Structures are given as structure tokens and as C-alpha cells.
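*Asks:* This is the structure, below, for whatever I ask next.
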């Protein structure tokens, strides 16, 4: 491809033969690609150029243009094979011309300019592959570089030296994470650098092309800058004549492959060729060393390999070449030149639309070669791997069988392999089928054997990539896909699989390269353009993404109407413009698409948003009013209207206008709720009371059950919740005196009173206004009026739960469920309450009423298939409370598997969303997936799993069937007794496994179970229902790290996460990591009781560690003196620090318990005294049931005597008489 030097050569000859002269005549050949792709036509070009005078010829990178005496000016890009020819001069550069090109007019000309004055002469623009672009830019000459596409391109290293400084280059490199060569080739960064210039720059700068651009030091950046300026300046000054390049340049010797001493530099060093993201790169390994992180999925060739992928592999006869048949006939087998493949592709590209970005094509660097006859190529391909086309047909049958059913696929493959044992493609497909049914190891072994039989089979490499992908081995999968594409570059399926894998792991540079190749291959498909835009968008290159979408739209001769995909693409482009911060441009674009776009609501919402951001208050006000008219219950529209009207809720002077504004909307509809509810958020004092009273009366009169849920957010304000309480009590008094709050008949009075009593029960059950006796009183009155109300029974169950009577709450919730057995919500609530009461079997039975119960595993299996995380989590916590650690760990691990499945589910949407055109939703999905593990359910399950693994690390016997209760006796035994105890425990565990299997079987229905679920995936019987395999882990702390790492990455702001991670790190003696957890926990909550316990333990364990390296100790001391200052007390201050902590938090149950745990840790002899203090915790005024249960757990951890625990339980039951949770 012509690069900065070659384009400078063209500009030089244009200055020589065109500048200062007038165009006498213009001849054109219509080309809808060369002209049409950039919104121009041959006729328009002819009309614009005729009779014009050429004032100047200029260049920016790979673009050049003629400055005319008046606009428009022709802007051109040579593409891959474009050039400017002159009838009276020879413009050839370092490549020799073919003899047939001497004729005039030349082949493949697009326009010819006949010049006036002097000796006349003609200038022709030629392009064989139609990848060049010719456009007209209707701006002033001085504004050319401020206009698209030049303004989207980076600075020119020759004419923009004042911009492209060392500091500028350093900032650009630090802002991205791509291989340095990719950064240089991206015209949006630097204009004019192509493949050979980039290779030369990197060689002279002694930089490896694979190394990430943000890993270089200042010296290397300076070397790169100087090399870039020197190489490009020399290329321009010599007009790209390679014979004039310095002898030390790699370019002088790059094309010597195949010659004697080819590829060897004058200094004796030898060039090698790498493939960096699909681009061939010449390097000198002795000079260009890797000094930082590099792209991990790069294939490199040996020094003797060709740039096009290397020598042909040897066949079974030991002879090179793909065709064994040719060898048998005595003909010399030669490798197919890559240029020949390019020739075939060029023919297709001439019939299809092409995209403007061509830099992915390396083959243009190589000399033209003759293309082998088409028939010969087919024969060579047909004879691959044994030569029988019948085997290919049978292998295709194996593929079909694999897609429909695994068993027939294996049988078909076996039939082929019996006849041809080494048929590689069949072996590969059998391996893929085996992997589908879960035999990964066997599949991988067979796939590797297939590759040994045929290293040149793209099917074998593709299957190997699929196998690696199935095991999340992304790096190896990418390498395999790249090998497959090297062999079969036109395979759409392989290219698509590679691209999807790259976007899956967020390898945006690689994804951009893959999508560019797919776009160049099939530019007529819209989703290829859209995917390319998405790739740049997700990589943060918004301007490039927007330009791609704009370019495609410019190719459409007729704008589609009533086309959902087109409407979505328009809004996606608008979204990108807005994300660039160009709101004015976004609004202008939106106005142009508003009439034809099908998503009317989105257009209206975006218009209102842009007007508001552009400070067009009047326009925004009208836009939001139109939206409210469209949906008058959407709060976001009202908030936008407030901003557009310049009204501020925090400004007391604006409150009256706000109230009047909402009153206007409320008067428009009696049924409208938002306009009546929203003012309650900002009104205060008498204004609030006067608005809250009618609102509450209105809601209760209608009997709306969600009244309390609708207003409880206001309870954060103590004054407002007091007003609601007074209003409700006044209404109750009024209702009791008059029979109803209004003169209502036909049962409306009862409805009002029921709603009022229900509201008061919820009010007094709420944690900010909790008075359980009053809540019970009001809900009982409501139940007397309507004993079959599901809502009333549910609320009473909640009250019992807050009393601590989980058993009673579970029974009452089940009664509520029986009142309406078709209600899924109440059914779910009932199961949840049963789990809270540790009724795991009953909960499964309850959930089975709304599951299919047809597959192996029964309702529990269905719940796992449905990814019912709340149930799995609650079930795990229930089993944890019952000390069934294996089952609990199994549930929490299942939660992690669900999130892993959600991550892998993206693969389906990478294709589906682009195919259906739902691009905005797809982008949002990608962003959501990036923060998926921030989900509370993952953190909740992960923290509990970590606690179990920590417990297993401390008490390994728990994994052998022993319980916590037997732990003390076990630890006191000698080795022989321990062996006997463990043997007995294992027998008991086996019996328990059998009982559990029978129990689960009983939960299933009697009818035969299907072996696959509704999704068609095979369902297997759970061989370890109790989770003993997980429980018997030999490395529990290492297993815990599987949960710790994602937690610290995605939920680092959670104190509970930091304290859980500390427990793992301190036991693994990772003191620095443990210290960082303590520092993070203190930053979020310095008074956390667990933090106090852990900082004391940290000091004790650190001082007790004798094998800590001196360097590590120095780093820890440095951190303690810096950001950890004041966090960890010294060894001599541990006791006094703890006593001060107890004194400071004497009225907090949790803090007192933490202090008592530290006291026994520092002095075990004080355990008995501390047990008495734990019992006294129940006397604290603000202690709640949860804190009381934590105190009981402390006594269990200390393995206190039954008498102490009995005293504690007795005292707790005396304080919470209705509670059922205080049991051993």
C-alpha cells in the first residue's frame, strides 16, 4: 500500500505537472465504490473539475488533495493499488512496472485530466482493486484539514512536527493498551504510517512490535519519536525511492527472501517475520527485545518462513506440498503463493462494496505473481489429507450429526475411521462431539492426534480452538483460531469465532483487527459495519466508531423506511456522538432522523436531554411536557421538567412554583399518581402535611395495598414519618367515630378501614418506627375483618419474624400461601420463610408447585436450571446454620457457576444482537457484564463460602464426617484414636449420603424423569448431593481464593468482603495482602468490630512469624508507617488498646463481643470471665435478636460448657419470649 513516502511522490509530480495549470477536459469512468463509497459520483467529479485551475497539491499522511481556485477540492486516497499516472512522465517508485502498463490510457483508470498550457499532457488516477477513494470537499482551502476525514486522522509526522512531540507521543501511548505497532498503524493516531514504515521505525528504535504501547519508559519513547521523524522525513525527501534509502535500513533488504543470503542485514543480523494481529511484521530479534508486557496471542514464524505463512507442511511421503497426488505423478509439488489467493479475493472485491480502511492487507507489500489455474487449486484442495472427496463428504456428515445428536455423530466418525484411521478432519469432529458429552480429556487427546496427521487442516485447528474455549483457555483458543485462519483465511465461521472470543475477553485491539478483516471480506453486510463500530466504541475510539457508521450510511442510495435495524443503527450513532460530548452535533443529527425513526420515544427522550444539556431551557421544557403527555407516571420526565424550568428543590423560594407545577398536572387526571406523590419529596412543614393528608386518604379509600411501600422512602425524614403516623391515627379515630372517613356505602367503608389498619400494621413493623405490639394489634384487627386476606396474613408473618418466632412465621406464611395457591409471589415468600426456619425439605416441596419436576434432580434440579439464585443462596445459608457444610458449600459454588454461565452466555448475544440490529441494548449488555460480579448475590454467596473454607482450614476433620460438637474430643485424641474416629465418621457419612439420595428421590414425582432439560442439555444424576467432594479439599485456602480474587476486584468497597479476605490471607501468611485488607476496611468503616479483632490478630501473628523474609518485613513496616499509620497497635499496647475499645463501645453488643474475643485471644486464661461478660451483653438496652445470636455463636466458637450456653439461652428466651431461634 502507498504510504507517506509514496504519497509524497505523487504530490511531487502533481506539483510538477498540474499546479498552476488549468484543467481543459475531464474524462471519468463511473465507479460506485471508488466514488460512491464516500458520497461522490463520477459525474459530480467531472462537473466540479472542468475548467478549474490547480492552485496547489497538498498531503496529510496517506491522503492528498488538489487545491483548486474555488471549492470543491478533490481529496484522494490511493487505497491498496491506486496511483497517479502521467502521460508525459514516469512516476514509478521502487517497484518495477509491468510492460503492459506502458500503454495509454492505462488500465483501470478512474479519471483523466487533460491539462492546458505548455506541452499539455494527461493525468490519470488508476486503481485495479477499487480500494481507492475519490471525494469532493466543499470547504475553503485553508479548512481542508479541519474537515472530515482529515480531522479524524492524527498529525502528519513530517508537516506536524510541532504537534507530534515527544510529550505528545508519550501521552498517546500511555492512554491506550495496544501493541505498539497497532498504535502506529492506526491513522487516527498518526497519519501516513503503514506496514513497512512502522517496521522500519520500530527496528531503528530497537522496539518489539508486540509490546504494549503503555509499557515503555521515557528513553524508549524518545527513541521511538526520533526514529519516526527520521524515517518518515527521509521517505518523503527521497520520494520513496528505496535505492536512496540508507543501506542500514531494513527496507533495503526486506524483499530479498529466496535469494542467497536473503533477509540478512549488512551487519550480519537476520530478519524474522511475525504475525501481529494478522499483520506480517519484519523484525531483528537481536535488536528488538521485549522489555514489557506483550500481546499473548501472537504467532511467530521461524527465520526461514515466508511472510505469507511459511513453507508447506510435509506430507506422509516426506515431500512438501498439500497434494500427495502430485508427488505420486512425479511432478514437483510447490507451495501456493499467497498472492494468488489475494488475486482471487481481489476479483470478489471488485464485485462487492469495500470499506475505506485497507491497512489489514499485508500482501500488497509483495510483488505480483501469477495465479495458479483455478482447476488446479481445486484438485490440490480436494486431495488434501489422503485425497478422497468421499471422506470429505462423510466428515461433513459427521458435522451434521454433531449438530443434531452426539451418538450418531460418534458412530458416523467411527465408520469413517475404520476405513481411514488417520483421517484428521473426522478425528477432529469426533473430538468435538466427545467434548460435547463431557469427555474433554479424551477429546483433547484425539484432537492433538488429528493435528499430527494433518497440520494443514483448518478444521483440526478450529476444533482445537473450540476445545480450549470450552475450558476457558482463551489464549490457546485464540492461537488455534489464528492458525486455522492462516490456512483458510476466507472461512467466515472461524473468523467469527475468533472475533467473538476476542470481544468476550475484551481484547479490543484484536477484535478491531478481526472485525476489519471481516468487513473487508464482506462489506455489503451491514452487521459487519455495525460490529466494526462497536469494536472501536468499546475500545474508547468514539470518533472512529461514529465515522464508520456515517460512512456506511453514506453508501445507502435510498434511506430505508420502516426498517427497525436502520432506526436502531441511527440511534446508536447518535448515542456515540453524545458520549463524545458533542451534544449540539447529536441534536442536529437527531433532528435529521426524527421523522423516519421508528423508536419515537427514544428520539423524544434524547431530544429533551440534549436541549437541557445545551441550556435551551424553553425547548427542553416543551420537550419534557410532550414526554409527560406521552407517559405521565414516569418520574424521570418530571425531574427533567423541573431542571428545564430552572426550579431547585433545595431552594425554599422555588417550592411554591414546584407545588403549583405539579398541581397543574394533578388536575388533568384524577387517576394520576406521580403528580400527587412527587411533591411529598420536597414539601416541608404545613405544606407537606396539607399535601400528605389528601394523598393518604385518597390511596386508602381506593384500597391500594402498596400505599405504605409507596411512601416509606419518606420515612428517612423523622418529621415526615411522624406526620404520616399522626394522619393515620386521625383517620382511624375518624373512621371509628363515623364508620368511615367519608360517607361511603356498599362496603367501601370496610375497604377503607382494612386499608388503614393494614397501613398502620406495616408502619409499626417498619424498622424506623418499629413497635411490634402495636403492629400485632392492628394486623389482628384487620384479620378479624378479612381473615382470608393474603396480604394481611403475610404481614403478620413478617411481624412474627421480627419477634424472632421463625417457626410461627413459617407456618403463618404457609397458611397465606394456601389461601391462594396460584399466586407465585406468595409461594416464593413461603419457601423463603421456610428456609429461614431451616425447613429445607419443605421449601423444596413448596417451590416444586411452580417447577416442571420432569428432569433428573427434581424440583431442586429445576431451580438450578432456572438459576434461581435467591433460593440457592438461602438454602446454602440454612444448611450452614445446620452445620451441613458440604451442602452449603455446594450451593455457594453453584452461585459462582451461575455467574460464570452468565459470562459465557454473552457468546450467544455477540451474534444475535448484531444480527437483529439491537446494538444499543448489546452495548449496555457488554457494560453490564463488565460489572457483573458486583452483584450482591455473588458477594453474599462468596463471603459465606470463604467462611466455610476458613473453617475447614482450621478444622480439617469437618471434611471427614466429624461435626463441630465432636471436634473437641477429636483434638484431644492420640493419632490411633483419631484414625478410628475418622474411619467411623466416614462410615456414618456414607450412610448419610445414601439417606440423602433417598430423600431427594422422595421429593421427585413418581413419573419417569427426562435425561435432558427444557434447554435440551443433558442432565446427570448428582453423584455428590451432600457436597463431600468439596468438603474434603486438601487445599481449602487456595480454593477460597477463587472467591476472594473476584470479590476484591469487584466489591472492594464492602467491609465484609475485606474482613473475609483478611481471614484467608492471614492464614496463608500473606501479611502484606492482609494488611491492605485492614487498611481498606478502615477507610470504609473505622469502627467496624471485626476490624478491631483482626488488627489485633494481625499484630500477634506478624510478631509470631519467624520465617518472614527481611525485605517483606521492611515493606510491611513501611506500609504501617504510611497509609496504615495508627491502624495496628504495637505488641506492648495490645491489651490497653482492647480495653480502650471496650470502654469506648460499652453500649454496643457487637463491639463488646469483639473486645471479649480479643481478650480471650490475648489471654486464654480469662475465657471463663469473658463467658460471663458475654451473658451480660443481653442486658444492654439496644441489643437485638441478631446481636444475641452472635453472642451465642461466640460461646460455640469458644466451645463453652453446656451450662454457660444454657444460662445464655435461658436469659435470651426470657427477654424475647416469642422467639424460637434460641436453641442449641
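*Asks:* Can you name every residue in the range 770-795 that is under 43 Å from the mean Cα position of the chain (by Cα) and either in contact (Cβ under 8 Å) with a residue 40 or more places away in the chain or under 26 Å from residue 750 (Cβ atoms) (or both)?
*Replies:* Scanning the range 770-795 gives 790, 791, 794, 795.
*Asks:* Going residue by residue through the range 704-711, is there one that turns out to be assigned to a loop (DSSP other than H, G, I, E, B), in contact (Cβ under 8 Å) with a residue 40 or more places away in the chain and more than 11 Å from residue 759 (Cα to Cα)?
*Replies:* No, the range 704-711 contains no residue that is assigned to a loop (DSSP other than H, G, I, E, B), in contact (Cβ under 8 Å) with a residue 40 or more places away in the chain and more than 11 Å from residue 759 (Cα to Cα).
*Asks:* Inside the range 630-643, can you point out the residues that are within 13 Å of residue 605 (Cβ to Cβ) and either crowded, with 18+ Cβ neighbours inside 10 Å or more than 30 Å from the chain's Cα centre (by Cα) (or both)?
*Replies:* If the condition is that a residue be within 13 Å of residue 605 (Cβ to Cβ) and either crowded, with 18+ Cβ neighbours inside 10 Å or more than 30 Å from the chain's Cα centre (by Cα) (or both), then 630, 631, 637, 639, 640, 641 are the ones that fit.
*Asks:* Hey, another quick one. Of all residues in the range 1127-1146, which are surrounded by fewer than 12 Cβ atoms within 10 Å (Cβ to Cβ) and either over 19 Å from residue 1177 (Cβ atoms) or touching a strand residue (DSSP E or B) at 6+ places or on another chain (Cβ under 7 Å) (or both)?
*Replies:* 1130, 1131, 1132, 1136 - these are the residues of the range 1127-1146 that are surrounded by fewer than 12 Cβ atoms within 10 Å (Cβ to Cβ) and either over 19 Å from residue 1177 (Cβ atoms) or touching a strand residue (DSSP E or B) at 6+ places or on another chain (Cβ under 7 Å) (or both).
*Asks:* Specify which of the listed residues (841, 875) is buried (at least 24 other Cβ atoms within 10 Å of the Cβ) and touching a residue at least 24 places away in the same chain (Cβ under 8 Å).
*Replies:* 875 is the lone residue from the list that is buried (at least 24 other Cβ atoms within 10 Å of the Cβ) and touching a residue at least 24 places away in the same chain (Cβ under 8 Å).
*Asks:* Of the residues 482, 506, which is closer than 29 Å to residue 541 by Cβ and in a loop (DSSP other than H, G, I, E, B)?
*Replies:* Answer to the selection: 506.
*Asks:* Within the range 1111-1124, track down each residue that is touching a helix residue (DSSP H, G or I) at 6+ places or on another chain (Cβ under 9 Å), without any contact (Cβ under 8 Å) to a residue 40 or more places away in the chain and closer than 16 Å to residue 1095 by Cα.
*Replies:* none
*Asks:* From the list 565, 579, which residue is in the same structural domain as residue 591 (by TED's automatic domain parsing) and over 20 Å from residue 916 (Cα atoms)?
*Replies:* 579
*Asks:* Does the range 145-170 hold any residues that are touching a strand residue (DSSP E or B) at 6+ places or on another chain (Cβ under 9 Å) and closer than 18 Å to residue 7 by Cα, and which are they?
*Replies:* Within the range 145-170, 145, 149, 150, 153, 155, 156, 158, 159, 160 meet the criteria.
*Asks:* Please enumerate the residues belonging to the range 173-190 that are farther than 15 Å from residue 231 by Cβ and either outside any helix (DSSP H, G or I) or in contact (Cβ under 8 Å) with a residue 40 or more places away in the chain (or both).
*Replies:* Scanning the range 173-190 gives 173, 174, 175, 176, 177, 178, 179, 182, 186, 187, 188, 189.
*Asks:* Within the range 218-228, which residues are touching a residue at least 24 places away in the same chain (Cβ under 8 Å) and surrounded by fewer than 18 Cβ atoms within 10 Å (Cβ to Cβ)?
*Replies:* 218, 222
*Asks:* Which residue, of 1052, 1080, 1073, 1061, is part of a loop (DSSP other than H, G, I, E, B) and in contact with a helix residue (DSSP H, G or I) (Cβ under 7 Å, 6 or more places away or on another chain)?
*Replies:* Checking each option against the conditions leaves just 1052.
*Asks:* Just to verify a result, which residue in the range 265-284, among those that are on the phi > 0 side of the Ramachandran plot and touching a helix residue (DSSP H, G or I) at 6+ places or on another chain (Cβ under 6 Å), is modelled with the highest pLDDT?
*Replies:* Selected residue: 278.
*Asks:* Condition first: buried (at least 18 other Cβ atoms within 10 Å of the Cβ) and part of a loop (DSSP other than H, G, I, E, B). Now tell me which residues in the range 756-771 satisfy that.
*Replies:* Answer for the range 756-771, where residues must be buried (at least 18 other Cβ atoms within 10 Å of the Cβ) and part of a loop (DSSP other than H, G, I, E, B): there is none.
*Asks:* Moving on to the next point. Hand me the list of helices (runs of 4 or more DSSP H) wholly inside the range 595-668 holding 2 or more residues that are without any contact (Cβ under 8 Å) to a residue 12 or more places away in the chain.
*Replies:* 617-630, 635-644, 655-666
*Asks:* Okay, moving on. For the range 1185-1214, which positions are farther than 30 Å from residue 952 by Cβ and surrounded by 15 or more Cβ atoms within 10 Å (Cβ to Cβ)?
*Replies:* 1207, 1211, 1213
*Asks:* Against the condition over 22 Å from residue 897 (Cβ atoms), assigned to a loop (DSSP other than H, G, I, E, B) and more than 29 Å from the chain's Cα centre (by Cα), how does residue 448 come out, does it pass?
*Replies:* No; evaluated as a whole, the condition is false for this residue.
*Asks:* In the range 248-264, which residues are at pLDDT below 85 and either under 30 Å from residue 11 (Cα atoms) or in contact with a helix residue (DSSP H, G or I) (Cβ under 7 Å, 6 or more places away or on another chain) (or both)?
*Replies:* The answer is 250, 251, 252, 253, 254, 255, 256.
*Asks:* Tell me which of these residue 714 doesn't satisfy, since it passes every other one: (1) in a loop (DSSP other than H, G, I, E, B); (2) under 41 Å from the mean Cα position of the chain (by Cα).
*Replies:* Every listed condition holds for residue 714 apart from (1).
*Asks:* Moving to a separate point now. Sort through 783, 731 and tell me the only one that's in contact with a helix residue (DSSP H, G or I) (Cβ under 6 Å, 6 or more places away or on another chain), more than 28 Å from residue 826 (Cα to Cα) and not assigned by TED's automatic domain parsing to the domain that holds residue 667.
*Replies:* 731
The values are calculated or read from the model by the stated rules, or taken from the named source; none is laboratory data. Model, not experiment: these values are computed from the prediction. A quick note on method: Cβ atoms are made from the backbone with ideal geometry, for glycine too, and the neighbour counts reach across all protein chains shown.
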